[in-house]
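*Asks:* Quick one: this structure, given as structure tokens, is what I'll be asking you about.
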Amino acid sequence: MEWKLDRSSHKPMYRQIIEHMEYRISNGEYPPGSLLPSERVLAKELEVNRSTIVTAYEEMRASGLVTSKKGSGTRVSLFGQETEYNQLPDWDQYVIGGSLLPNAPLMRRIFKEARNEKVIDLATGELSPDLFPRAQVEERMRAASFTFQSGYEHQQGNLQLRETIASQLKRDRDIDTASSSVLITSGAQQALYLVIQCLLKPGDTVLIEDPSYCYSLPLFKSMGIKTCLLKADKHGINPDDIVAFHQKNKIRMIFLNPTFQNPTGVSLHPKRRKKLLEIAVEYGIPIIEDDPYTLTAFDTQAPPTLKSMDDYGVVLYISSLSKIVSSGLRIGWIVGPQPVISRLADVKQQIDFGHSIFSQWMANEVLTSPNFDEHIQALGSTLRRRRDAMIQALSDYLPNEVEFLVPKGGIHLWCRVKKRVSEWKLLEQAIDHGMIFMPGSALGSSEGYVRFTFGRTDETNIEEGIARFASALLFSK
Ligand SMILES: Cc1ncc(COP(=O)(O)O)c(C=O)c1O
């Protein structure tokens, strides 16, 4: 549980902070010689005045627990050990020295606020807990027998689950595949990670949509992969743009989320899908179809998946249960030619020795439950109601300030904000007003756009969240 100040306590706040910092030091979170958060950062983290932290640090200095040098911050004391600071490992240097880049500061700020119960979260791209088919799953779990197998699972994931996924892909998305061509991953995220790590190398150029979820992945940058941005309109990207890019940059791969795209909600037009596949075949460029949203269609039928139209095996298909059942289950999958799946499975084994058998078993129970279709229908109806509530709130509170496309599936609504304001300032204002949203630049677009997620909370909170955003916008310069 995250530590919080007890503001109703008789104990002064600075004293509570000292005790909290003593605890963090004694449990090894801050070893001897390590740097403590600056006064400004800690004040922000604990939501107190900077002067409260100044007092706490002064007392800690007076008691010998920490030392401060002008310009180099406050460090935990060495407690008389005969070691110089420069002989100790400098964890801060290690932390910035690894090969994987950290998430962007904007994203880290949002992740932190998403844990604050007082903040209405229209930023996190997931379903609210009430959309999990709890009753169905519990009933199924009571009836089913789970034989605990204590060893590692098959490299590609549990066979029964892969068979279930293969047959549902045929039924719901017209995709022909077999269990041997399916790899179970820790969400779609790990499937993307494996593709980037195993099938690309530094210096390669890939195409991604702009805006796009992929843009938010520092993985491309960490790996030294160049990204070219494909602009999209209300029918998705224009396949003709790919040829021009390829002639200039030799494109190694195309990453697309063609159905109810995150963040725009737009679906690639069926004619463009056909053209895109023709180009992929003609120029030998693989397509990564990232498709977590097809089953969330609520106003229209989802267009056919690229994979279902793929006669030559140019598409690697990724999906997951995160947007239809639960993001916490961490069940995703990737479908592709056997050599690719074997290569990815081999690396997945190096990373984590395969996926937890328990969540795979549970995923299989959910997918084979006789009520699964009913759940998907109910999910669609709820998402439609929430989408409508969001549109209503936008027209009530921001009638002339925003423009947006109406999504027909998925969980996001993409808005252009007409007033020119700094994204950081708007986000900070929104946090002060008790809500968070996803700023457009986190998803690739230049400033002036925001993404609101309507899957994460109910209609009342959606309305209140948009009302708070409207006030934040009013106060932003
Ligand atoms: C387009 C897209 N791909 C992949 C992911 C990752 O989802 P997960 O790893 O939870 O399956 C997301 C999550 O928001 C997404 O929107």
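*Asks:* Among the residues of region 34-49, is there at least one that is over 28 Å from Glu428 (Cβ atoms) and in contact (Cβ under 8 Å) with a residue 24 or more places away in the chain? Spell out the reasoning first.
*Replies:* Going residue by residue through region 34-49, those that are over 28 Å from Glu428 (Cβ atoms) are 34.
Filter once more, so that each one left must be in contact (Cβ under 8 Å) with a residue 24 or more places away in the chain: 34.
Yes; the residues of region 34-49 include at least one that is over 28 Å from Glu428 (Cβ atoms) and in contact (Cβ under 8 Å) with a residue 24 or more places away in the chain.
*Asks:* Moving to a separate point now. Among the numbered conditions (1) within 15 Å of the ligand (Cβ to nearest atom); (2) free of Cβ contacts under 8 Å to residues at least 60 places away in the same chain; (3) not β-branched (Val, Ile, Thr), tell me where Arg171 comes up short.
*Replies:* If we test Arg171 against (1) within 15 Å of the ligand (Cβ to nearest atom); (2) free of Cβ contacts under 8 Å to residues at least 60 places away in the same chain; (3) not β-branched (Val, Ile, Thr), just (1) comes out false.
*Asks:* I need the full set of residues from region 333-354 which are open to solvent by less than 30 Å² (accessible area, probe 1.4 Å) and hydrophobic (A, V, I, L, M, F, W, C), in order please. Quick ask: steps written out before the conclusion?
*Replies:* Going through region 333-354, the residues open to solvent by less than 30 Å² (accessible area, probe 1.4 Å) turn out to be 333-336, 341, 344-345, 347-348, 354.
Within region 333-354, Trp333, Ile334, Val335, Ile341, Leu344, Ala345, Val347 meet the criteria.
*Asks:* Spot the failing condition for Ile288; the list is (1) buried (at least 24 other Cβ atoms within 10 Å of the Cβ); (2) touching a residue at least 60 places away in the same chain (Cβ under 8 Å); (3) in a loop (DSSP other than H, G, I, E, B), and only one is missed.
*Replies:* Ile288 satisfies every listed condition except (3).
*Asks:* Working carefully through the options Arg386, Arg330, find the one that is in a loop (DSSP other than H, G, I, E, B) and crowded, with 16+ Cβ neighbours inside 10 Å.
*Replies:* Details: Arg386 fails: in a loop (DSSP other than H, G, I, E, B).
Being in a loop (DSSP other than H, G, I, E, B) and crowded, with 16+ Cβ neighbours inside 10 Å holds for just one of Arg386, Arg330, which is Arg330.
*Asks:* Still on this structure, please answer the following. Those residues that are modelled with pLDDT under 95 and either assigned to a helix (DSSP H, G or I) or open to solvent by 20 Å² or more (accessible area, probe 1.4 Å) (or both), I need them from region 450-477; list them, please.
*Replies:* Step one: list which residues in region 450-477 are modelled with pLDDT under 95, which gives 474-477.
If the condition is that a residue be modelled with pLDDT under 95 and either assigned to a helix (DSSP H, G or I) or open to solvent by 20 Å² or more (accessible area, probe 1.4 Å) (or both), then Leu474, Phe475, Lys477 are the ones that fit.
*Asks:* Evaluate region 302-316: report whether one residue or more is within 11 Å of the ligand (Cβ to nearest atom) and either out of contact with any Leu (no Cβ under 8 Å at 6 or more places or on another chain) or open to solvent by less than 10 Å² (accessible area, probe 1.4 Å) (or both).
*Replies:* The first filter runs over region 302-316 and keeps only residues within 11 Å of the ligand (Cβ to nearest atom), leaving none.
Within region 302-316, none of the residues are within 11 Å of the ligand (Cβ to nearest atom) and either out of contact with any Leu (no Cβ under 8 Å at 6 or more places or on another chain) or open to solvent by less than 10 Å² (accessible area, probe 1.4 Å) (or both).
*Asks:* Among (1) in contact with a Pro (Cβ under 9 Å, 6 or more places away or on another chain); (2) at positive phi, there is one condition Gly284 misses while meeting the rest; what is its number?
*Replies:* (1)
*Asks:* I've got another one for you. Of all the residues that make up region 409-449, how many are surrounded by fewer than 19 Cβ atoms within 10 Å (Cβ to Cβ) and part of a loop (DSSP other than H, G, I, E, B)?
*Replies:* The number of residues fulfilling the criteria is 9.
*Asks:* How many residues does region 209-264 contain that are open to solvent by less than 20 Å² (accessible area, probe 1.4 Å), of a type in the set (A, V, I, L, M), under 23 Å from Tyr193 (Cβ atoms) and not in a strand (DSSP E or B)?
*Replies:* Of the residues in that region, 2 qualify.
*Asks:* As an exercise: evaluate Pro37 against (1) open to solvent by 60 Å² or more (accessible area, probe 1.4 Å); (2) modelled with pLDDT of 90 or more; (3) not in a helix (DSSP H, G or I) and give the number of the one condition it does not meet.
*Replies:* Checking Pro37 against (1) open to solvent by 60 Å² or more (accessible area, probe 1.4 Å); (2) modelled with pLDDT of 90 or more; (3) not in a helix (DSSP H, G or I), the one that fails is (1).
*Asks:* Of (1) within 11 Å of the ligand (Cβ to nearest atom); (2) touching a residue at least 60 places away in the same chain (Cβ under 8 Å); (3) assigned to a loop (DSSP other than H, G, I, E, B); (4) open to solvent by less than 50 Å² (accessible area, probe 1.4 Å), Ser319 satisfies all except one. Which?
*Replies:* (3)
*Asks:* Going by the structure shown, is Ile357 in the same structural domain as Gly236 (by TED's automatic domain parsing), farther than 17 Å from Ile196 by Cβ and buried (at least 18 other Cβ atoms within 10 Å of the Cβ)?
*Replies:* Here the answer is yes, as Ile357 does meet what is asked.
*Asks:* Please indicate, with yes or no, whether at least one residue in region 293-300 is in contact with a strand residue (DSSP E or B) (Cβ under 8 Å, 6 or more places away or on another chain) and in the same structural domain as Gly332 (by TED's automatic domain parsing). Spell out the reasoning first.
*Replies:* Filtering region 293-300 for residues in contact with a strand residue (DSSP E or B) (Cβ under 8 Å, 6 or more places away or on another chain) gives 294.
Those left that are additionally in the same structural domain as Gly332 (by TED's automatic domain parsing): 294.
Within region 293-300, one or more residues are in contact with a strand residue (DSSP E or B) (Cβ under 8 Å, 6 or more places away or on another chain) and in the same structural domain as Gly332 (by TED's automatic domain parsing).
*Asks:* Additional query: Which residue is nearest to Val406 (Cα to Cα), if the candidates are limited to region 267-295 and must be hydrophobic (A, V, I, L, M, F, W, C) and within 16 Å of the ligand (Cβ to nearest atom)? Please lay out each step first, then the result.
*Replies:* Taking region 267-295 first, the residues hydrophobic (A, V, I, L, M, F, W, C) are 268, 276-277, 279-281, 285, 287-288, 295.
Subset that is within 16 Å of the ligand (Cβ to nearest atom): 268, 287-288, 295.
Details: Leu268: 15, Ile287: 27, Ile288: 26, Leu295: 17 Å.
Checked region 267-295; the qualifying residue nearest to Val406 (Cα to Cα) is Leu268.
*Asks:* Scan region 175-230 for residues that are under 22 Å from Ser446 (Cα atoms), under 13 Å from the mean Cα position of the chain (by Cα) and polar (S, T, N, Q) and report the count.
*Replies:* Looking only at that region, the number is 2.
*Asks:* On to the next question. Restricting attention to region 301-313, which residues are in contact with a strand residue (DSSP E or B) (Cβ under 6 Å, 6 or more places away or on another chain) and aliphatic (A, V, I, L, M)?
*Replies:* Quick first cut of region 301-313, residues in contact with a strand residue (DSSP E or B) (Cβ under 6 Å, 6 or more places away or on another chain) only: 306-307.
Hit for region 301-313 is Leu306, nothing else.
*Asks:* Go through the residues of region 161-173 one by one and say whether even a single one is open to solvent by 30 Å² or more (accessible area, probe 1.4 Å) and in a loop (DSSP other than H, G, I, E, B).
*Replies:* Within region 161-173, not a single residue is open to solvent by 30 Å² or more (accessible area, probe 1.4 Å) and in a loop (DSSP other than H, G, I, E, B).
*Asks:* What's the number of the only condition in (1) at pLDDT below 95; (2) part of a loop (DSSP other than H, G, I, E, B); (3) surrounded by fewer than 15 Cβ atoms within 10 Å (Cβ to Cβ); (4) not acidic (Asp, Glu) that Val406 fails to meet?
*Replies:* Here Val406 meets the rest and fails (1).
*Asks:* Could you figure out which of (1) within 30 Å of Ile391 (Cα to Cα); (2) within 19 Å of the chain's Cα centre (by Cα) isn't true of Asn238?
*Replies:* Exception for Asn238: condition (2).
*Asks:* Among (1) open to solvent by 20 Å² or more (accessible area, probe 1.4 Å); (2) at negative phi, there is one condition Gly203 misses while meeting the rest; what is its number?
*Replies:* Among (1) open to solvent by 20 Å² or more (accessible area, probe 1.4 Å); (2) at negative phi, the lone unmet condition for Gly203 is (2).
*Asks:* Only one of these conditions is not met by Arg330: (1) near the ligand (Cβ under 10 Å from one of its atoms); (2) touching a strand residue (DSSP E or B) at 6+ places or on another chain (Cβ under 6 Å). Which number is it?
*Replies:* Unmet condition: (2).
*Asks:* Considering only region 135-160, how many residues are open to solvent by 90 Å² or more (accessible area, probe 1.4 Å) and of a type in the set (Phe, Trp, Tyr)?
*Replies:* Number of matching residues: 2.
The values are calculated or read from the model by the stated rules, or taken from the named source; none is laboratory data. In this text, all values refer to a predicted model and were calculated from it rather than measured experimentally. So basically every Cβ, Gly included, is an ideal-geometry build from the backbone, and we count neighbours across all protein chains shown. For accessibility, only protein heavy atoms count, side chains too; no ligands or nucleic acids. Shrake-Rupley method; radii C 1.70, N 1.55, O 1.52, S 1.80 Å.
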